[in-house]
Structures are given as structure tokens and as C-alpha cells.
């Protein structure tokens, strides 16, 4: 079963360092999403792609965050100059452009980031 | 006003009872509605989706949608201790409104054995 795959699953980094997360979506899915989730909160939307185009980016996302999906397949999320407030679970999800599915998104297992 | 609102709970029900989870949303043009279950330390997993007014049943789960009242609910019949989790309501505009899915903060459910 080739579900959404995220790497690394856990990352501990020092404040000020850069980190990068990778997401491989379900193979036929053309939409890819990034969310951030902190304890006691629901997933917070960060950005999404349709194929290689980044169609929407949250206004809450600072300039330190950047996401790419260069060939419309896997995606990377980079956080520059990490801060302790960036500690969270970063979730990737994908969906298939299909009018009958209502754009149902399926999550990967998440990447936990701890900034010390 | 939050786009998707849920009572954070915790909601506690005895084993075998019906658990009722509620959600309201603010965007009237929303087209697709979802319930996800999230166990502690895990990622959300889809339980049900619903797109039309009325009820949709899948095993012990029933989703209810009322677009006029901007209200979605999830009923869990014959609740089991393994149902203890956080339940997330999610909403998607779809179409020209874009395909961003917005989540509520979740309702924690405890099923007592």
C-alpha cells in the first residue's frame, strides 16, 4: 500500500538551524498539502499544490517557510532559521482531482519537529 | 469567528452508548465535509465524508449535514473504548472557491469501559 510518505519522522534541531521535510504523495494524487499541528489544536493549513503549481499559501506562514513541488510529484517544506515556536508536527496530505471524491485528503504519518 | 468550530470536550460516554459530536462552519459556499479520527501522537485518519444534506451511514458511524444551519455532526453508535480519540471536523469549499481543507480544533472523546 503506497500511502503518503513523510521523511524524516522525527527531527531535533537547534534554534537557528534550517530543516527540510520531504513528502511523497499517493502516486496518482495531483494535489499535495502541508499542515502544521500543535498540541490540542487541529491541523493548521500552510499551503497546497496542484501538480507543480503552488495555488495557495497561508497568510500565517512567515517568510522563513518555503515549499516546493518541482516536478509535480514529491514536495519539500523548508524552515529557515528555526525558532522554538516552530516545534510541531508537520503533516503532508494528498488528494485526487476528481469531482466525485469531494477532494478527500489523506495524511501521511507526520514529521515531528523539536527546536531546542 | 473561527471557520470551523467544535466543542473541545472532553466528551465522556459509557461503553455501548451513542456519542454525538458536533461542528459548525462559517463559509456558506462550503461543499464537502469530513470527519477524521486522531489518536494521540498519530496523524488524522478519515472516517467519513458527506456532501449532501441529510444522513450518511457507514457501520457504527452516521454523519449528518444541514447546510442551511451550517452544521455537521457525527454519531457513533455502540461506542467502544477503542473509539477514544480526538475527532476532527473538516470543511472544503471546492470548485472556484479553491481546494483548501480547513479543520476544527477537534473534540476529545473518552469511552469508559
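Values in this text are rule-based calculations from the coordinates and carry no lab data. Remember, it's a predicted structure, so these values are computed and weren't measured experimentally. As a convention, Cβ positions derive from the backbone with ideal geometry for all residues, glycine included, and neighbour counts pool all protein chains shown.
Would you please classify the overall shape of segment A:12-116 from the alpha carbon gyration tensor, given that a ≥ b ≥ c denote the square roots of the eigenvalues, rounded means a/c under 1.5, and beyond that prolate means a/b larger than b/c while oblate covers the rest? Judged from the Cα gyration tensor, segment A:12-116 comes out prolate (a/c at least 1.5, a/b above b/c).
Extension gain, residue A:83 to residue A:5, is 25.6 nm, computed as 0.36 nm per intervening residue step minus the present C-alpha separation.
Measuring nothing but how far apart in sequence close Cα pairs (under 8 Å, 6+ apart) lie, relative to its length, chain B scores a relative contact order of 38 percent. With both residues required to sit in chain A, DSSP beta bridges show an antiparallel share near 90%. Across B:52, B:43, B:84, mean-square fluctuation computed from a Gaussian network of chain B (C-alpha pairs under 10 Å connected) peaks at B:43. If you sort the three axes of the alpha carbon gyration tensor as a ≥ b ≥ c, you get a/c of 1.5 or more for chain B and a/b above b/c, which makes it prolate.
The distance from the alpha carbon centre of segment A:64-103 to that of segment B:1-35 is 25 Å, rounded to a whole number.
Counting only DSSP beta bridges with both residues in the protein assembly as shown, the antiparallel share comes to about 90 percent. The mean sequence separation of alpha-carbon pairs under 8 Å and at least six residues apart, normalised by the residue count of chain A, gives a relative contact order of 36 percent. Each residue, residue A:54 and residue A:13, gets one label point 7 Å from its Cα in the Cβ direction; the gap between the two is 1.5 nm.
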